[in-house]
Ligand code: HEM
């Protein structure tokens, strides 16, 4: 963004100068003499014009600051007239905002074009937004890209707080993401994780892309829950491959600052082409949903072998059954149905697979942590058996490892932007209706006044007895630690995420030893794009460590 605007301004300026020095004009002797005089005069005039514009802009700017800033507005960087702080934005928004908070305090205001944004970076301010005034701040400020991707903001994540959001969230939580449903589809998770283990066993001795493998595994689990056996064999593999690039593309566009969002008047020009790109991706994804839905409807009509899956196990069958039903108020429309599919597929896959990747990298980087995790797994599971989900309750150290990883690298470091439905206050400062609120959970998780050695990966801190850390969980009650958010808009998929993270990591670390290729150093840097990613994908080498090859065949 900043590069774009800088580039545009510099291009205009350089373009004007180069016109005066055009070689075609300079090649005529008379014209060139005339041009030289003209150049001097024009340059003087240009300088004068430039100086006058600067004085005018400064005066206008000072007038705005002195007379137009609402009383009680939070402090923050002044930025430039019209564009605000857009030219200075660092693409790593979470660390950039954390730096600003050190300068301006835990509630700061930043203007991005015409958009007023407030960044909240302390537990007490986060509590005001997510708990004390939860209902007021439960709306979303929907970027254009998200609106296109979610059938007009019809999904759970971007729907405004109201009856439709409540209905969609209830359907998902009850029918797909509840503990009871998750228990009933353990077989599916097991099958997908064992398939991944088998693949890794075949790759033993060569580098493997852990994030990619985890993405496919989680995607197969999620789509398996949604449309069960609707797609088989080759069709299933093709859809999985297509999905990864689609989801990555969609998430990247969602995280890209878009001029159209900051200057609504320019939206129709789509200057960065974000809307155009998103339309292409959304259309492709919609094509996949259409194919699966058609297939599912045909199966139902033919009364084929899939009937059994309508008994609550196949989410799509349930959704099609309740679509347009009068009992539902508001009714579930086809757009709402597809938007739900979209949420489940994009919301769960990238977040969870990135977290597995970060956790593996942090654990590999601390050999004593890896040794302790494996020791725990060996004593609970043993090297003669494979990990099962029933072991999870007996692995407190692994649980602490995952909590620590979510502290250091919260998957959505600024949550999904919240938005007040009416004028409100945070920390005593005025926050107008419609403001974009960034809750910087990353900054809170890295605050040295809340966490000792905050940059250090130290799972032991979550096991300390007699401290509040030992009791911390993912429920969002403690505003020093809330990687899944808090309040009404807290993540809808915590139970599923927790199961997938624990079971996958336990299996990966129990089944294999892991090392980096010779001469490679571990890189733990992050890259922001609404979802936090590893800057460099982790590609370690697995070495089997269980007692028998048969344990990799299941
Ligand atoms: C490690 C994995 C995950 C993490 C760290 C995570 C974190 C989050 C966070 C921070 C939010 C935003 C909360 C807010 O804005 O206040 C969120 C929202 C959401 N998440 Fe997750 N999530 C994960 C996995 C999942 C999974 C597996 C699913 C479902 C399959 C899911 C579904 C959703 C949905 C639907 C929302 C929107 C909730 C709403 O606006 O009402 N997430 N998640």
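The values are calculated or read from the model by the stated rules, or taken from the named source; none is laboratory data. This one's a predicted model, so the numbers in the text were calculated from it and none came from an experiment. Methodologically, a virtual Cβ is constructed for each residue, glycine included, from the backbone with ideal geometry; neighbour enumeration extends over all protein chains shown.
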Say whether the condition of being within 16 Å of the ligand (Cβ to nearest atom), touching a residue at least 40 places away in the same chain (Cβ under 8 Å) and outside any loop (DSSP other than H, G, I, E, B) is met by at least one residue in the stretch 538-553. no
Would you confirm whether any residue within the stretch 517-529 is away from the ligand (no atom under 11 Å from the Cβ), touching a residue at least 24 places away in the same chain (Cβ under 8 Å) and either in a helix (DSSP H, G or I) or over 25 Å from the mean Cα position of the chain (by Cα) (or both)? yes
Flag if residue 371 is modelled with pLDDT of 95 or more and over 26 Å from the mean Cα position of the chain (by Cα): yes
Regarding the stretch 366-383, can at least one residue be identified that is within 16 Å of the ligand (Cβ to nearest atom) and assigned by TED's automatic domain parsing to the domain that holds residue 505? no
Please report, ordered by residue number, the helices (runs of 4 or more DSSP H) entirely within the stretch 208-296 with at least 3 residues that are in the same structural domain as residue 315 (by TED's automatic domain parsing) and at pLDDT below 90. 210-227, 233-254
Considering every residue within the stretch 191-199, establish whether at least one is within 16 Å of the ligand (Cβ to nearest atom), assigned by TED's automatic domain parsing to the domain that holds residue 388 and part of a helix (DSSP H, G or I). yes
Give 127, 140, 147 a once-over and let me know the one that is within 15 Å of residue 435 (Cα to Cα) and at pLDDT 95 or above. 140
Looking at the stretch 81-90 only, could you name the residues that are more than 21 Å from the chain's Cα centre (by Cα) and in a loop (DSSP other than H, G, I, E, B)? 81, 82, 83, 85
Options 360, 364; residue that is closer than 26 Å to residue 515 by Cβ, surrounded by 18 or more Cβ atoms within 10 Å (Cβ to Cβ) and in contact with a strand residue (DSSP E or B) (Cβ under 6 Å, 6 or more places away or on another chain): 364
Somewhere in the stretch 491-513, is a residue modelled with pLDDT under 95 and closer than 19 Å to residue 211 by Cβ? no
Go through the residues of the stretch 163-184 one by one and say whether even a single one is at pLDDT 95 or above and at positive phi. no
Qualifying position, being in contact (Cβ under 8 Å) with a residue 60 or more places away in the chain, under 25 Å from residue 285 (Cα atoms) and surrounded by fewer than 22 Cβ atoms within 10 Å (Cβ to Cβ), among 252, 241, 204: 252
Condition set in contact (Cβ under 8 Å) with a residue 12 or more places away in the chain and surrounded by fewer than 16 Cβ atoms within 10 Å (Cβ to Cβ), scope the stretch 176-190, selection nearest to the ligand (Cβ to nearest atom): answer is 178
Among the residues of the stretch 91-107, which ones are under 22 Å from the mean Cα position of the chain (by Cα) and in contact (Cβ under 8 Å) with a residue 12 or more places away in the chain? 91, 92, 93, 94, 95, 97, 98, 100, 101
Which number in (1) touching a residue at least 60 places away in the same chain (Cβ under 8 Å); (2) surrounded by fewer than 19 Cβ atoms within 10 Å (Cβ to Cβ) marks the one condition that residue 193 misses? (2)
Every residue from the stretch 116-165 that is within 22 Å of residue 334 (Cβ to Cβ), within 14 Å of the ligand (Cβ to nearest atom) and in a loop (DSSP other than H, G, I, E, B): 142, 150, 153, 154, 155, 156, 157, 158, 159, 160, 162
